[in-house]
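The values are calculated or read from the model by the stated rules, or taken from the named source; none is laboratory data. Source: prediction; values computed, not measured. Neighbour counts are summed over all protein chains in view; Cβ atoms, including those assigned to glycine, are modelled from backbone coordinates with ideal geometry.
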Amino acid sequence: MWILSRYILREHLGPFLFALFVVLFVLILDFIPQMLDLIIGKNIAIWTVLKLLVLNLAWMLALAVPMAVLVCTLMAFGRLTGDKEILAIKSLGINMVRLMLPVIVAASLIGAGLIWFNNNVLPDANHAAANLRSDIGRLRPTFQLRPGVFVNDIPGYVILVDHVDHLQSKIWGVVIYDRTNPLVTRTITADSGVVEFSPQGETVTFYLMDGQLHEQDLDKRGSYRLSEFRSQTFRVENLDTELRETRQEYRGDREMSSGMLLDR
């Protein structure tokens, strides 16, 4: 009987590993564009991006393993049925319960392992990944404007331009939404301008031409001010140029174990 159990499990092992690899490959393939954006767009070190990928592998495994179990079960028993091996085993007086017993035991062990993994490893991995994404989100060394796209790479600002000349750092059709002051909304529009970075990349300066400044004080109802300018200098300072990893205590629901959720 032990020989039969090993044979049944061996029939499941190959399809399980194959299905696990395929599902993980599909999930990682969806993650690759984000990795390329971090490496190229924000100039993040490759090892930091790989660290983020490893942390995200936790939730990928939590999804991939159950799907791999389903696929390998269908493939293994489908092959055994197609080759009439199940019929031959039943002709020896071995019932289906005994035939499925090693699979049930293996599935139970995998299920128990997933319960422990999802309760102990996955929340910490999700929390670490969220912290790392937050740290990367504060990094703005290669702030890039893209035509027709709202860019929020600078905290507190949303910027839209119609056209960009990256070689000469010129921009046209500029709209800047200033949300740094929660009580005052400022919107700056300009026909054209020039973008300049400091040597260290910590300050970005916009030299704007032929535009308007719209201001509204939310504390004062009906307060609205409009001013026009021929030239205006708009500067944003204290941009992060180095990745600083921090540890935040706050956890979302996906970053908590069952014990943490019960204690809330």
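Yes or no, residue by residue, for (1) in contact with a helix residue (DSSP H, G or I) (Cβ under 7 Å, 6 or more places away or on another chain); (2) of a type outside the set (Phe, Trp, Tyr):
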| position | (1), (2) |
| --- | --- |
| Phe16 | yes, no |
| Ile32 | no, yes |
| Ala45 | no, yes |
| Val49 | yes, yes |
| Leu52 | yes, yes |
| Leu57 | no, yes |
| Met75 | yes, yes |
| Leu92 | no, yes |
| Met96 | no, yes |
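Pairing residues of the stretch 112-134 that are within 13 Å of Gly259 (Cα to Cα) and in the same structural domain as Ala64 (by TED's automatic domain parsing) with residues that are at pLDDT below 90 and of a type in the set (Ser, Thr, Tyr), at Cβ distances under 6 Å and at least 6 apart in sequence or on separate chains, gives Asn119/Ser257; Asn119/Ser258; Pro123/Ser257. One residue alone among Leu50, Leu55 is in a helix (DSSP H, G or I), in the same structural domain as Ala125 (by TED's automatic domain parsing) and either surrounded by fewer than 18 Cβ atoms within 10 Å (Cβ to Cβ) or of a type in the set (Val, Ile, Thr) (or both), and that residue is Leu50. Residues that are more than 17 Å from Pro66 (Cβ to Cβ), in contact with a Lys or Arg (Cβ under 6 Å, 6 or more places away or on another chain) and part of a helix (DSSP H, G or I) occur in the stretch 113-132; there is at least one.
If you go through the stretch 98-112 one residue at a time, do you hit one that is of a type in the set (A, V, I, L, M, F, W, C), at pLDDT 90 or above, in contact with a His (Cβ under 8 Å, 6 or more places away or on another chain) and within 16 Å of Leu17 (Cα to Cα)? Checking the stretch 98-112: at least one residue is of a type in the set (A, V, I, L, M, F, W, C), at pLDDT 90 or above, in contact with a His (Cβ under 8 Å, 6 or more places away or on another chain) and within 16 Å of Leu17 (Cα to Cα). Taking first residues from the stretch 1-14 that are more than 17 Å from Ala88 (Cβ to Cβ) and partners that are assigned to a helix (DSSP H, G or I) and among the polar types (S, T, N, Q), the Cβ contacts under 9 Å between residues at least 6 apart in sequence or on separate chains come to His12/Thr73. Picking from residues in the stretch 60-95 that are of a type in the set (D, E, K, R) and in a helix (DSSP H, G or I), the one that is nearest to Leu24 (Cα to Cα) is Arg79. Summed over the stretch 152-193, residues that are assigned to a strand (DSSP E or B) and within 16 Å of Gln216 (Cβ to Cβ) total 11. The single condition among (1) modelled with pLDDT of 85 or more; (2) within 27 Å of the chain's Cα centre (by Cα) that Thr73 does not satisfy is (2). Considered as a group, the residues in the stretch 146-183 that are acidic (Asp, Glu) and under 19 Å from Val236 (Cβ atoms) include one that is modelled with the highest pLDDT, and that residue is Asp178. Of all the criteria given as (1) in contact (Cβ under 8 Å) with a residue 60 or more places away in the chain; (2) surrounded by fewer than 18 Cβ atoms within 10 Å (Cβ to Cβ), the one not satisfied by Leu63 is (1).
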